[in-house]
Each structure stands twice: as C-alpha cells, then as structure tokens.
Amino acid sequence: MSALNEMTIAQARDALRKGDTTAVALTEACLSAIEGAGALNAFVHMTPEIALERARAADARLATGGAPAMCGIPVGIKDLFCTEGVPSQAASRILGGFLPPYESTVSAQLRDAGAVMLGKLNMDEFAMGSSNETSCYGPAVNPWKVDDRPLTPGGSSGGSAAAVAAGLCLGATGTDTGGSIRQPAAFTGTVGLKPTYGRCSRWGIVAFASSLDQAGPMTRTVRDTAIMLGAMAGHDPRDSTSADLPVPDFEATLGDSIKGRKIGIPREYRREGMPADIEKLWVQGAEMLRDAGAEIVDISLPHTDYALPAYYVVAPAEASSNLARYDGVRFGHRASLAPGEGITEMYEKTRAEGFGPEVQRRIMIGTYVLSAGFYDAYYNRARKVRTLIKRDFETVFDAGVDAILTPATPSAAFALGAMHEADPVQMYLNDVFTVPVNMAGLPGIALPTGLNGQGLPLGLQLIGRPWDEAGLLNLAHVLETAAGFVSKPRKWW
C-alpha cells in the first residue's frame, strides 16, 4: 500500500470512510513529507496548527457519517487565494505582511467540505510567468530530474504542481489565465483542469487578468480532479462573472461510453519544430480515443496563430488596471521616504521596490496598449481577434465536435534559468497550446500520457464545450486509462 501522503484523493476518501486511516494521520504524513522537501520550495507558508485542527474536526465529522467527498483530504492552496489570517502574497514583495481578514470563495468551499489546508503554495508573482521563476520566494523546483539539472515545474501554478507530484499533498488549487494549471500539470506528470470561465468563483483570488483568470484543481488522477472540482465549483453572488448553474456530479459520469463522440484534431496546432516525442504522443492519444469508440476528425481553428499575440495585449492591459491598486496606501509594502518626498514619490518607490521585473514589464505593456494613442490600434484590435478565436471554437462545436485533442505544451520541462532571463518571448511561447482556451473561456484539461526520451513526463490536452466539464472529464478518464501512465519522479529531495 502507498504511503498515506502518496494516496490519491479517491483512495484516501475510501480509506477514511472504512476507518483504515484518519484525517489526522493523513495530515501528519503530508506535513512530514513537506518538512523533508525543502529543496522543492513548493510550500511558502505552512499552517500546521490550522491543518491539524481541521483534521480533527474532519475525523469527528466522518464519524457521524455522510461527510462530503473532500472531508479529511489534505490540500495545498496557491498563494493567490486569500486565506483568512494566513499570509497571502501572490508571491510578491508588494504584498509582504498582508493577512487577509476574509477567505476566498473557493478555499472557503473546500474548507466547508472538510478539506484540510496544509499551507500556501509557491507561484509566479501575480501569476505572471511560465516557470515559477518570478516568485519573490525563489523558484519552485520540479520533482522530476535529468542529469542533476533542476527543472522548472512550470508556471504560474508551479508550487501546486510540484507539491502534488512529490506527494506533499493529495490535491492543490491552481489558477489558469493562459495555461497556468495545464502547463505545470504537463511538466510534472499530474492532472490539471481549467474549468469554463465562471464555473468557479474568482472572489478573493488576487486578480491578474479578470476576463481570463479561472481557478481549478490539480491532482494525481482524473477521478481526483472530478472530486475536487465538485467542491470548488458553484455560483457566487459576490462574483458577477460567476455562472448561476447547477454543479453536476462530475465523478458520476466517469466510465461512461464514448462511442460516437467526435474528437477534433486541429491542423493549426501542428507547429513547425514540434518535438517528435510530442507529435508521436498526440497521434497515439487520438488512436487511444478511436479504439475506445470515438470518431477522430480533422478540424480547422483558423485564428489560432493570433491567439498568443492577442493574449499578450489583453492580459497585460487588464493586469495594469488590476495592479494599480497596489500603491502602498492601504496594505502591503510601503517604501521609506526621504524628507520632503510626498505621495508621488511614495507611489513610485513602493511600486518599483514591490514589483518584480516581469510584473513591471507587463504593467508597462498594458499601460501602453491602453493609452489614448494606442487603445484602438492594440487593445480594441486584440478584443476583436479574441471574438474571432471564440467563434472558431463555436463553429467546430456547432458542427458536432464534442472535444478537441491537442498537445498540452510544446516541450517537456526545461531547466530553470534556461529561458526566464535570456528570452522572455520564448518563455511566452510555452503557452501556445493553452492560451486559446482562455481567450474563448472554454474548459481544458491536461493529463500525463507518456514520457519523452529523457524520461520526463509529457501531457496531452482535451478542450471541451462550455460547461461540459463532466463530458470532458469522462473523455480524459478514458484517455488516462488507455495511456496507463503510472510513472513517478525518483525521490532526490
């Protein structure tokens, strides 16, 4: 039997209900694993007292019967989610010392379902990055390794992905603005779901780009993702973009036949220079779904090539607006002033000291594209392109396609430092397969389906119809079962 901290959520749920273990034992196993994994730098704020208190409460709740599926399950919370009385910095110096007096809706729903918060997880600063190297805490490290080179776990939810892959928690929350759940999942051999925009509340999540951000679960299996999503999803009247729709039993559909389901293969995702390992895996994934009864069809998403440049106009524009509130007046870091300096100098110094280089870069880009002389030339044009991208997907789904199969990333995990400082644009290209999903507000899931020649995990992505997370998860479950991916990182930390 696996160590308690290496259990899946489904295994732990069943063991708790049978009395084979307790929430306290699960929590202690995870806390012990975290203590021994400092080299991964995945957890940045530990909450052992809160964890054990909630674990004891979960055990009492389980003893009465009828507890929710997540009751007693130890999880990690990305540092972007505000947690009452617990540091919530979004991995930025500018929010140093911030202790929210409130709880984000998603973390509150997990808490109310009996989940046990172990602590806060590392991430790229304000979720801006694809390698977890912009964090004020330093980079998180991928538990997978080749030739003793430290690898990125991806970003921005790199700490979440590393923690789940290394067995430090059974599941974790992430956020996905342009691929920040799915890319780290692919890099670490885990499962990551970006739900339909509006499926999970954004209230209490530190905003990056409000029309793109979406919370989602990161776990070890598709079944675990279905279980965790059920606790995270739901309408929230405090979030005007939250959909007032019922939350289905996502786990109940797993195992349904996919015979006759139509799966699209977009020709525009065949990129020049794509590694042979990823191309081969993509073909194999399509064959697995065909063998399970699905119909594989070629499709076209003609505006795909415009998604990435449009995203890097829309996202920085929204970021420059959202991050204007961090000025040193109300909370977080405030710069020291010299005699005679006033409010203007305070703003300038506070923001220069508090924001890292990548955040500053995106704020400047966003401010530029929103400026009076360039608003129509850049921002409005990007919004129009976004509409065309969304229309491409609608056309394909209206033609009867049920889901779309693509690679999750253009490469396996790369070495820390390989791209971050050398070429920011090359780093941005890591989102080439994931960004269109956010631009269109669709659900997408990344799951591990094989290894490359160096023994690193590779993932495939399934993109679903709006609000059809249940159908998407079932397809992913079929693909997961056929792929039979069971590899784990060799423990070196």
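Within the set Lys145/Lys488; Lys262/Lys390; Lys120/Lys349; Lys18/Lys78, which residue pairs have Cα atoms separated by over 22 Å?
Details: Lys145/Lys488 11 Å; Lys262/Lys390 19 Å; Lys120/Lys349 28 Å; Lys18/Lys78 30 Å.
The pairs that break the limit, which is 22 Å between Cα atoms, are Lys120/Lys349; Lys18/Lys78.
Quick one: net charge of Arg220's neighbours, Cβ under 11 Å, K/R +1, D/E -1? Don't jump to the answer; show the numbers that get you there.
Details: positive: Arg223, Lys488; negative: Glu6, Asp224, Glu480.
Net of charged neighbours comes to -1.
Run through all the Cα pairs of the stretch 134-265 and give the fraction in each 5 Å bin from 0, expressed as whole percent.
Bins of 5 Å from zero give 2, 11, 18, 19, 19, 15, 9, 5, 2, 0, 0 percent of pairs.
At 1.002 mPa s and 20 °C, plugging the Kirkwood radius over alpha-carbon pairs of the stretch 76-217 into Stokes-Einstein gives what diffusion coefficient in µm²/s? Write out the running numbers ahead of the final one.
Numbers: Rh = 14.6 Å.
After rounding, the answer is 147 µm²/s.
Could you go through the stretch 311-318 in sequence order and give the Karplus-derived ³J(HN,Hα) for each residue, using 6.51 cos²θ - 1.76 cosθ + 1.60 with θ = phi - 60°, rounded to whole Hz, and x for Gly and Pro?
Working through the residues one at a time gives 4, 7, 9, 5, 5, x, 4, 5 Hz.
Using Cα-Cα distances under 8 Å and only pairs 6 or more residues apart, what relative contact order does the chain have, in percent?
18
Plugging the Kirkwood radius over Cα pairs into Stokes-Einstein for the stretch 186-319, at a temperature of 37 °C and a viscosity of 0.692 mPa s, what D comes out in µm²/s? Mind showing how you got there, number by number?
Values: Rh = 17.8 Å.
In µm²/s, the coefficient is 185.
Per q in 0.06, 0.09 1/Å, what log10 I(q)/I(0) does a Debye calculation on the alpha-carbon atoms of the chain return?
-0.24, -0.56
Counting only C-alpha contacts under 8 Å and six or more residues apart, can you give the relative contact order of the stretch 149-221 as a whole percent? Please list the in-between numbers first.
Details: 143 pairs, mean separation 26.2, N = 73.
The normalised contact order for the stretch 149-221 reaches 36 percent.
First compute the accessible area of the chain with a 1.4 Å probe, then give the percent of it belonging to carbon and sulfur atoms. Each step should come with its number before you reach the end.
Working: 9400 of 18100 Å².
Carbon and sulfur: 52 percent of the exposed surface of the chain.
Suppose all protein chains stay in the model; what accessible area per residue would a 1.4 Å probe give for the chain, in Å²?
Heavy-atom SASA per residue in the chain reads 37 Å².
Report the Cα-based extents of the stretch 335-493 along its three principal axes, largest first, to the nearest Å.
Here the spans come out as 69, 48, 26 Å, largest first.
Dividing the alpha-carbon Rg of the stretch 218-293 by 2.2 N^0.38 Å yields what? Please list the in-between numbers first.
Details: Rg = 17.4 Å, N = 76, 2.2 N^0.38 = 11.4 Å.
Normalised Rg, Cα atoms only: 1.52.
So if a site counts as exposed when it's one of the trypsin sites (Lys or Arg not before Pro), its DSSP state isn't H, G, I, E or B, and it has at most 14 other Cβ atoms within 10 Å, what's the longest stretch of the chain without one?
So the longest stretch without any such site is 1-237.
Arrange the residues Asp277, Asp176, Asp291 by how much accessible surface each exposes, largest first, with a 1.4 angstrom probe. All intermediate terms of the calculation are to be shown ahead of the outcome.
On the way: Asp277 70, Asp176 0, Asp291 135 Å².
Largest to smallest exposure gives the sequence Asp291, Asp277, Asp176.
Can you give the local net charge around Ser135? Use residues other than it whose beta-carbon is closer than 13 angstrom to its beta-carbon, Lys and Arg +1, Asp and Glu -1.
Numbers: positive: Lys78, Arg93, Lys120; negative: Asp79, Asp124, Glu125, Glu133, Glu358.
After counting each charged neighbour, the total is -2.
The values are calculated or read from the model by the stated rules, or taken from the named source; none is laboratory data. Quick caveat: nothing in here was measured; it's all calculated off a predicted structure. Positions of Cβ are generated from backbone atoms using ideal geometry, with glycine treated the same way; all protein chains shown enter the neighbour counts. Each accessible area value is taken on the protein alone, full model and side chains, heavy atoms only, with ligands, DNA and RNA left out. Shrake-Rupley method; radii C 1.70, N 1.55, O 1.52, S 1.80 Å.
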